[in-house]
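Data first, discussion second: the structure below is written as structure tokens.
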Amino acid sequence: MLQIRKSATRGLAEHGWLSSRHTFSFASYYDPRYVSFGPLRVINEDKVIGGQGFGTHSHSNMEIVSYVLGGALEHKDSMGTGSVLRYGDVQRMSAGSGVSHSEFNHSASDPVHFLQIWIFPEAENIAPSYEETHFTPESKRGQLRLIASPDGADGSLHIHQDARIFATILDGEQKLHHALATGRGAYVQVARGQLQVNGITLEAGDALQVSDEAQLTLENGNDAEVLVFDLKL
């Protein structure tokens, strides 16, 4: 089964300093049709103006992944971690038993653009932890690059859930296939550009929820950058 989530139908939050699009129910946006998909709970596309950001706030029992698309995202947390993330950088914070953090635009003038992803963990109240790494455009171009997994395979970030996140940059005649095991589904989120997934054309901000399918086929990309979530349902 293929269910399209068009960009324009996402939840919208406009706060002046923040423009956010919510794929799933979040904060004041609630739609019972879009609460989660398997362990995938949040995909927010956030754009923050220069010098602004999210002040210190707390999380628990959630795997939080940030995928930076442009600008510079400054992170600080109660574990003593501090970092500035730029395009190609991906961070994972396991909130576990509890952690506080802040996220700010590192630039005083240029916007920062990123995807914030929340995934339910397999076990609650684990020790909080943090990890980040960089994935070059070349490592994603024309292939599904594993960026997060339950075992940290192939240099990916380690998440505490039976879920795998892949990133790809697809253009022209490049075609990718990804098999889905029985009992697993996929969520395809287009970060930018355009492509076809299982024959369905998706634009920037669109998503495709996939269940009861044996395979994904990604093709006909036009400068497309895409995240693919392989999830136990």
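The values are calculated or read from the model by the stated rules, or taken from the named source; none is laboratory data. None of these values were measured; they are calculated from a predicted model. Please note: Cβ atoms are built from the backbone with ideal geometry, for glycine as well, and neighbour counts cover all protein chains shown. Side chains are part of the model used for accessible areas, which takes the heavy atoms of the whole protein and leaves out ligands, DNA and RNA. Shrake-Rupley method; radii C 1.70, N 1.55, O 1.52, S 1.80 Å.
Do any strands (runs of 3 or more DSSP E) entirely within region 110-163 hold 2 or more residues that are in contact (Cβ under 8 Å) with a residue 24 or more places away in the chain and in contact with an Asp or Glu (Cβ under 7 Å, 6 or more places away or on another chain), and if so, which?
Passing ranges, in order: 112-119, 129-134.
In the set ARG145, ARG184, ARG192, which member is in contact with a Lys or Arg (Cβ under 8 Å, 6 or more places away or on another chain) and open to solvent by 30 Å² or more (accessible area, probe 1.4 Å)?
Answer to the selection: ARG184.
Pairs under 6 Å by beta carbon, first residue closer than 19 Å to TYR29 by Cα in region 44-73, partner open to solvent by 50 Å² or more (accessible area, probe 1.4 Å), six or more apart or different chains?
That search, which allows pairs on different chains as well, returns GLU45/ARG21; LYS47/PRO111.
Given VAL90, VAL99, which one is surrounded by 14 or more Cβ atoms within 10 Å (Cβ to Cβ) and closer than 24 Å to PHE229 by Cα?
After ruling out the rest, the residue left standing is VAL90.
May I ask you to say which residue of ARG184, ARG145 is in contact with a helix residue (DSSP H, G or I) (Cβ under 6 Å, 6 or more places away or on another chain), within 27 Å of LEU233 (Cα to Cα) and of a type in the set (D, E, K, R)?
It is ARG145.
Find all pairs meeting these conditions: Cβ atoms under 9 angstrom apart; at least six residues apart or on different chains; first residue within region 170-197 and at pLDDT 95 or above; second residue open to solvent by 40 Å² or more (accessible area, probe 1.4 Å) and among the β-branched types (Val, Ile, Thr).
Once the first residue is at pLDDT 95 or above and sits in region 170-197, its partners that are open to solvent by 40 Å² or more (accessible area, probe 1.4 Å) and among the β-branched types (Val, Ile, Thr) give GLN194/THR201; LEU195/THR201.
Just checking, which of PHE166, PHE135 is among the aromatic types (Phe, Trp, Tyr) and out of contact with any Leu (no Cβ under 7 Å at 6 or more places or on another chain)?
PHE135
LYS140 is checked against (1) open to solvent by 10 Å² or more (accessible area, probe 1.4 Å); (2) among the charged types (D, E, K, R); (3) at pLDDT 95 or above and fails just one. What number does that condition carry?
Just one mismatch for LYS140, condition (1).
Starting from residues that are open to solvent by 20 Å² or more (accessible area, probe 1.4 Å) and free of Cβ contacts under 8 Å to residues at least 60 places away in the same chain, keep the ones in region 14-28 and report whichever is nearest to ASP212 (Cα to Cα).
Of everything passing the filter in region 14-28, PHE26 is nearest to ASP212 (Cα to Cα).
Out of curiosity, is VAL112 closer than 30 Å to LYS175 by Cβ and either open to solvent by less than 30 Å² (accessible area, probe 1.4 Å) or out of contact with any strand residue (DSSP E or B) (no Cβ under 6 Å at 6 or more places or on another chain) (or both)?
Criteria not met by VAL112.
Given the structure, is ASP31 buried (at least 20 other Cβ atoms within 10 Å of the Cβ), acidic (Asp, Glu) and within 30 Å of LEU233 (Cβ to Cβ)?
Here the answer is no, as ASP31 does not meet what is asked.
Residues in region 40-48: is at least one surrounded by fewer than 16 Cβ atoms within 10 Å (Cβ to Cβ), out of contact with any Gly (no Cβ under 9 Å at 6 or more places or on another chain) and not basic (Lys, Arg)?
Looking for residues that are surrounded by fewer than 16 Cβ atoms within 10 Å (Cβ to Cβ), out of contact with any Gly (no Cβ under 9 Å at 6 or more places or on another chain) and not basic (Lys, Arg), one finds none in region 40-48, hence no.
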